[in-house]
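Peer 1: Right, I'll just put the structure down here and ask away after.
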Amino acid sequence: QQKVQQSPESLIVPEGGMASLNCTSSDRNVDYFWWYRQHSGKSPKMLMSIFSNGEKEEGRFTVHLNKASLHTSLHIRDSQPSDSALYLCAGVNNNAPRFGAGTKLTVKP
Amino acid sequence: ETAVFQTPNYHVTQVGNEVSFNCKQTLGHDTMYWYKQDSKKLLKIMFSYNNKQLIVNETVPRRFSPQSSDKAHLNLRIKSVEPEDSAVYLCASSPWTGGNTGQLYFGEGSKLTVL
């Protein structure tokens, strides 16, 4: 079964709105997390990484991590139609990045 | 800018045939991976090599075998393909920093269709 669980499976937000995506690992040995974005027909590209507890902000994107619960979340403010994509969370354990099933985000103009 | 190159990008074949996918990275990274992305977009790690040494070998059917000639090349061979092998195979590379794997850089993918 998947060790990295993502929710929701899909999400629709209006342009300018806030999108919140969640990710939890059941593998207690996960060291850190990555968030990747995959546009339709393209390969995944790194969006953000987070290694320690707390919050990290880069432009419109904010990532939170709670290491005790192995939960991370990605928040996109002022969402744009170009943000429409599949968002993949990866937990890295022993140098093997394992991905969740993803959240499909659609931003409606 | 693509720095992880995969060939072929598409391949259609019949059940039972052999297929090979090639991957080359020009980023100078030490670690390379093969992932399988199915029709539901689930991305599963298959193999990982660090400096030509196999470090991750997930539970995959025996008909899959990775081959690494040097740290810049990692190929994937599938002997006797099955319909469930239809997927996009993604090659990736990453730097090795302080014993931890760095960010993954993916190739454009090799889409396999098994008839």
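The values are calculated or read from the model by the stated rules, or taken from the named source; none is laboratory data. The shown structure was predicted, so the numbers you read here are calculated from the model rather than taken from an experiment. Please note: Cβ atoms are built from the backbone with ideal geometry, for glycine as well, and neighbour counts cover all protein chains shown.
Peer 1: Looking only at residues in the stretch B:9-35 that are closer than 21 Å to B:Val60 by Cβ and of a type in the set (A, V, I, L, M), which one is surrounded by the most Cβ atoms within 10 Å (Cβ to Cβ)?
Peer 2: Top of the filtered list is B:Met32.
Peer 1: Could I ask something else about it? Can you tell which of A:Ser82, A:Ser52 is within 29 Å of B:Tyr89 (Cα to Cα) and either at pLDDT 95 or above or within 14 Å of another protein chain (Cβ to nearest Cβ) (or both)?
Peer 2: Numbers: A:Ser52 fails: within 29 Å of B:Tyr89 (Cα to Cα).
It is A:Ser82.
Peer 1: Which pairs turn up if I take residues in the stretch A:85-109 that are within 20 Å of B:Thr101 (Cβ to Cβ) and at the interface with chain B (Cβ under 10 Å from one of its Cβ atoms) and look for partners that are buried (at least 21 other Cβ atoms within 10 Å of the Cβ) and aromatic (Phe, Trp, Tyr) with beta carbon separation below 7 Å, at least 6 apart in sequence or on another chain?
Peer 2: Partner pairs satisfying both residue conditions: A:Leu88/A:Tyr36; A:Leu88/A:Phe99; A:Ala90/A:Phe33; A:Ala90/A:Trp34; A:Ala90/A:Tyr36; A:Ala90/A:Phe99; A:Val92/A:Trp34; A:Pro97/A:Trp34.
Peer 1: Does the stretch B:36-62 hold any residues that are surrounded by 12 or more Cβ atoms within 10 Å (Cβ to Cβ) and facing chain A (nearest Cβ under 9 Å), and which are they?
Peer 2: B:Gln37, B:Lys41, B:Leu42, B:Leu43, B:Lys44, B:Ile45, B:Ser48, B:Asn50, B:Ile55, B:Val56, B:Glu58
Peer 1: Just to be sure I understand, how many residues within the stretch B:63-115 are among the aromatic types (Phe, Trp, Tyr), crowded, with 21+ Cβ neighbours inside 10 Å and over 20 Å from B:Thr7 (Cβ atoms)?
Peer 2: Qualifying residue count, the stretch B:63-115: 0.
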